[in-house]
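Read through the structure below, which is laid out as structure tokens, and then see the notes.
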Amino acid sequence: MEDLTGMRLGQYQVLAPLGEGGMAAVYKAYQPSVDRQVALKILPRHFARDPEFTGRFEQEAKLIAKLQHVHILPVYDFGEAEGYTYIAMPFIETGTLADLMHGQAMPLDQVREIIAQVGEALAYAHARGLVHRDVKPSNILIDHAGNCLLTDFGIAKIVEGTTKFTQTGAIIGTPAYMSPEQIRGDKLDGRSDQYSLGIVLYEMVTGRPPFHAETPPAIFVKHLHDPLPPPSTVNPDLPEALELVILKSLAKDPAARYPSMREIVQALDRAIPRGLQEMAPSEAGLLPTLVRRTAPGPAAISAPAQAPAQVAADGRAAAHPVRHLVAATGPLRPTVGARFFVARAAARPAIDVAPRTNPSDRYNTNAARKNFRCGA
């Protein structure tokens, strides 16, 4: 697609390209009526010339716009201008899951958090009859708070029904993450998205997707016929329970997978025990951005926070502000966005959140933690 920088589409001023895939290009744009920047997904001009496309685009865009979930990127607007159809969405500048993946296995706490958020988003959409069709790391955005936002709902379905693709038999999707039934052109349900999310999960725990080939058709053959390489052959430290979840989600036969997206999320939660992963002292100043409390600890509920020396004597934590905060408020775990912000930790001053000895001040530690998390 040609560069549309500087063009005005409806009420949007196109500012700069953000990326381009096989189905659409994404631009940063400005909406002067509400003084905000947006991400504008623009489909190629030739789609608008398809006699069936316009009606289907409007129908699908309206369905997508009705999705209201904390982990689905909302749709602001959609329309057609200058021969282009477009969808306007929030502009998320921090990046995607693909930016976090660098060919290495990710921390399991982070894996569980990401899959849980994306899985809940997909379960919500499936309950409303929508299948994503293109789940992959670059379609999982991560905002400043470390939350996942699944994007590109319905784009594959909008495009694959155009005359150009139905006449040529072309397949819409990303080969490395496509389910066998999607490759065959079968009717899809939520289990196809489960397979794609399973590929993402495989890549997160091993550092690479399971099937590699030089051409898309060769990858298709592997999805359809080749046995899945066990992820433990790539990452020997992988828990057996987690490997079983991956193997089940990536079964060739949809009937052999989990019945629903929520069931794979629950299975993954059981396979990856919750707990705090050790952080380097340099990350202490970033603690509230990196961690989230999983459950209140006894010290935070039934008694005032203990002094650092007492905590150390109990063997629960040393007199370190990070470990002491863990002892006072309960187990903590890294949030999804941890790796985005660790680089900034050294530039942030550490904040003393040592507990007060006055019982009436028992909640000051949590108050300091809340203020710190908000950037106070």
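Fully extending the segment from Gln104 to Arg36, taken as 0.36 nm per residue of separation minus the present Cα-Cα distance, adds 20.8 nm. Applying a DSSP loop filter and a limit of 12 other Cβ atoms within 10 Å to the trypsin sites (Lys or Arg not before Pro) in the stretch 38-92 leaves Lys66. Using the Cβ-Cβ distance between Glu82 and Thr233 with R0 = 51 Å, the FRET efficiency computed as 1/(1 + (r/R0)^6) comes to roughly 0.50.
Counting lysine pairs in the stretch 97-271 whose alpha carbons fall under 21 angstrom apart, excluding pairs fewer than 8 residues apart on the same chain, gives 12. With a Förster radius of 41 Å applied to the beta-carbon distance between Ala256 and Glu52, the computed FRET efficiency rounds to 0.70.
Mind checking the full-extension length gain between Arg184 and Lys62? Use 0.36 nm per residue of separation minus the Cα-Cα distance, one decimal, nm. Gain on extension, Arg184 to Lys62, equals 41.1 nm. In this Cβ point-charge picture (+1 for Lys and Arg, -1 for Asp and Glu), the stretch 8-90 has a dipole of about 140 debye about its Cα centre. The H on the amide N of Arg36, modeled in the peptide plane, is under 5 Å from the matching H of Gln31, each at least 5 residues off or on a different chain.
Per-residue extension of 0.36 nm, minus the Cα-Cα distance of Arg270 and Ala213, leaves a gain of 17.2 nm for this segment. Listed from fewest to most Cβ neighbours within 10 Å, the set Val135, Val221 follows the order Val221, Val135. By other beta-carbon atoms within 10 Å, ranking His102, His71 with the fewest at the front produces His102, His71.
None of the figures in this text is laboratory data; all of them are computed from the coordinates on show. Quick caveat: nothing in here was measured; it's all calculated off a predicted structure. Please note: Cβ atoms are built from the backbone with ideal geometry, for glycine as well, and neighbour counts cover all protein chains shown.
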